[in-house]
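Notes follow once the structure below has been shown.
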Amino acid sequence: MTAGNGAATDHDGGDVTDGAETSVGGSDGSVSRREMAARNIEVAYRAIERGLSVFPVALSYDPKRQKIGKRPLTARGHLDAERTRAGLEEHFTLADKRLKSGEVLAAGCVPGSAGFTLFDGDVGDEKDGPLFLAETLALSKEGEPFRTPSGGVHYWLRKRDVTMKITNSSPWQDDGVDIRGDNGWVVVPGTIS
């Protein structure tokens with residue numbers, strides 16, 4: 001596998017909290033939910049242009065877990081992912097009506113749809129997936145990872161053989177590492193949450 005530079009953009013960070021007028025960022029850099037949704041939709045269209053299959057998701061902040069929660073907004077989740085702008089526009093129109101209070105419209109993507117495998121290094125519960133990926137699997141040699149809001153990392157690696165099927169099964173789950181292959185999904189990088 002080789003590094004997938006250019007397959008995605010970096011994450012902008014921020015938290016989602018309840019309230020119709022709620023925004024993220026400081027007093028001089030606040031972003032409303034409507035602005036976040038518009039930015040996230042544009043990020044989704046760019047992901048389609050890069051060859052990824054994309055579908056709408058809802059993002060919300062879970063204060064108990066102190067993490068961003070995500071849920072698909074289509075009947076079949078990532079199986080409804082689109083590769084065309086027109087198809088995704090239709091999904092977004094329906095998805096906006098499915099949002100619950102406190103959620104922000106965003107998009108998920110299937111890395112395998114564009115020939116990528118994603119290594120997801122999570123932190124917490126005495127796990128340090130980013131460290132394991134960098135040192136044990138030596139993925140830091142493959143390029144810079146994309147940071148996640150929870151402090152984890154995503155390494156996007158291009159498959160050498162696009163016909164090879166990659167599952168979501170990870171032998172390193174106990175070390176904080178998940179894999180997203182041909183049938184897995186992640187929030188589109190560049191999403192504001």
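Here are some notes:
- For the stretch 72-80, the condition of being assigned to a strand (DSSP E or B), touching a helix residue (DSSP H, G or I) at 6+ places or on another chain (Cβ under 8 Å) and modelled with pLDDT of 95 or more holds for at least one residue.
- Total residues in the stretch 79-88, condition closer than 19 Å to G181 by Cβ and surrounded by fewer than 21 Cβ atoms within 10 Å (Cβ to Cβ): 3
- Within the stretch 45-76, the only residue that satisfies the criterion of being surrounded by fewer than 18 Cβ atoms within 10 Å (Cβ to Cβ), of a type in the set (G, A, S), in contact with a Ser or Thr (Cβ under 9 Å, 6 or more places away or on another chain) and over 20 Å from G124 (Cα atoms) is G51.
- Each residue in the stretch 155-193 was checked for being in contact (Cβ under 8 Å) with a residue 60 or more places away in the chain, open to solvent by less than 70 Å² (accessible area, probe 1.4 Å) and either touching a His at 6+ places or on another chain (Cβ under 9 Å) or not in a loop (DSSP other than H, G, I, E, B) (or both), and 14 pass.
- Per-region count, the stretch 136-171, residues over 20 Å from the mean Cα position of the chain (by Cα) and not polar (S, T, N, Q): 9
- Residues located in the stretch 89-121, provided they are under 16 Å from the mean Cα position of the chain (by Cα) and either among the hydrophobic types (A, V, I, L, M, F, W, C) or open to solvent by 50 Å² or more (accessible area, probe 1.4 Å) (or both): V104, L105, A106, A107, C109, V110, A114, F116, L118, F119
The values are calculated or read from the model by the stated rules, or taken from the named source; none is laboratory data. Computed from a predicted structure; not experimentally measured. Don't worry about glycine lacking a Cβ; one is built from the backbone with ideal geometry, like all the others, and counts go over all protein chains shown. What goes into the accessible areas is simple: the full protein's heavy atoms, side chains included, and nothing from ligands, DNA or RNA. Shrake-Rupley method; radii C 1.70, N 1.55, O 1.52, S 1.80 Å.
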